[in-house]
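These notes are about the structure you will find just below.
The values are calculated or read from the model by the stated rules, or taken from the named source; none is laboratory data. Values in this document were obtained by computation on a predicted structure and should not be read as measured data. Note: ideal-geometry Cβ built from the backbone for every residue, glycine included; neighbour counts use all protein chains shown.
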Amino acid sequence: MMYGVIDVGSNTIRLCIYDVANGQILPMFNNKTTAGLAAYVKKGKMTKKGIQKACDVLKRYKEMVQHLPLEKLFVFATASLRNISNTDEALQMILAETELSIDILTGYQEATFDFIGAARSMQLNKGVLLDIGGGSTEILVYERGEIQNAVSLAFGSLSMFSNYVKDLFPTKKEKKQIEDAVLSELKKVKFLNNKTFDTVIGIGGSIRATRNINNDIFSLPKENNTIFAENVSAILKELKSGENDTLKKVLQTAPDRVHTLLPGMIVMNTVCQYVKCRDILVSAYGVREGYLYQKLFLTDTKKE
């Protein structure tokens, strides 16, 4: 059977089609639109222009799948619609124009679905999971294959860019401001205090883009999914050599994340240094697969 999932994120809106058989979820199609919804939030409220931007993308995706034999099309949103003051208004406008009902995931649900999704493609025994999105960052600690603690922090690659970066790439001062903002929030997460983890499981577009640039800079195979933590610091230093050189390198590896890649990498590097990890293992699966798996095979995840 075939199912569709639309993920309405702060930076991108993504349509994924899956073939589901014998309890397995197999990706068939993936289409991404960089909508940048976080940029349409003014004083905590999504503007009508931002809501219309979401509607336009959703209508286009709905048209794309109308002739496919889908059992169901699911739509969910994370920080993009969760962290605004007019969530209900946005949902009503989207429903009226697109006839699509959107699930708003709590931060805890998002982290949990990240874990469920990642567990479909790798063995998760003990460690920490990190998902850097456009408007939020989820951190989850697991042991013996079970969730121990999880938190959703209200910053991501796009929000860090919007809040701290004046031009295209962060200056040394702006980089320090992003690091300080991340550290300030990490220190509030009690279950991370004085803890170390050898490996971080990485999820999200910023981390996947970092893997791509890591493989390019260090001449590694494209299929490599392991990033040495020290490499992230090295890449950030490499990209400081000059704006034109940085732009060229980013355009070669992550053209759709020109403005958000470095803020996302700074968040990633700060978290990895905080937990003193050795490497980052990039997961192919994450919140979308976990969400679909929960919808089809599990009971509803408790909202917190």
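Evaluating His67 against the criteria (1) outside any helix (DSSP H, G or I); (2) in contact (Cβ under 8 Å) with a residue 24 or more places away in the chain leaves one unmet condition, (2). Taking the criterion of being β-branched (Val, Ile, Thr), under 29 Å from Val41 (Cα atoms) and in the same structural domain as Thr199 (by TED's automatic domain parsing), the residues of the stretch 111-149 that qualify are Ile132, Thr137, Ile139. Filter the stretch 213-238 down to residues that are closer than 18 Å to Cys272 by Cα, in contact (Cβ under 8 Å) with a residue 24 or more places away in the chain and of a type in the set (A, V, I, L, M, F, W, C) and give me whichever is surrounded by the most Cβ atoms within 10 Å (Cβ to Cβ). That would be Ile227.
The set of residues from the stretch 14-51 being within 22 Å of the chain's Cα centre (by Cα), at negative phi and not in a strand (DSSP E or B) comprises Ala35, Leu37, Ala38, Ala39, Tyr40, Gly50, Ile51.
Filtering the stretch 21-75 to residues that are farther than 24 Å from Gly205 by Cα and touching a strand residue (DSSP E or B) at 6+ places or on another chain (Cβ under 7 Å) leaves Leu68, Pro69, Leu70, Glu71, Lys72.
Being of a type in the set (Val, Ile, Thr), within 19 Å of Lys295 (Cβ to Cβ) and surrounded by fewer than 18 Cβ atoms within 10 Å (Cβ to Cβ) is the requirement here; does Thr171 meet it? So Thr171 fails the test. Residues in the stretch 198-207 include none that are aliphatic (A, V, I, L, M) and more than 20 Å from the chain's Cα centre (by Cα). The condition (being of a type in the set (Ser, Thr, Tyr) and not assigned by TED's automatic domain parsing to the domain that holds Gly202) is satisfied by just one residue among Ser85, Ser184, Ser152, Ser159: Ser85.
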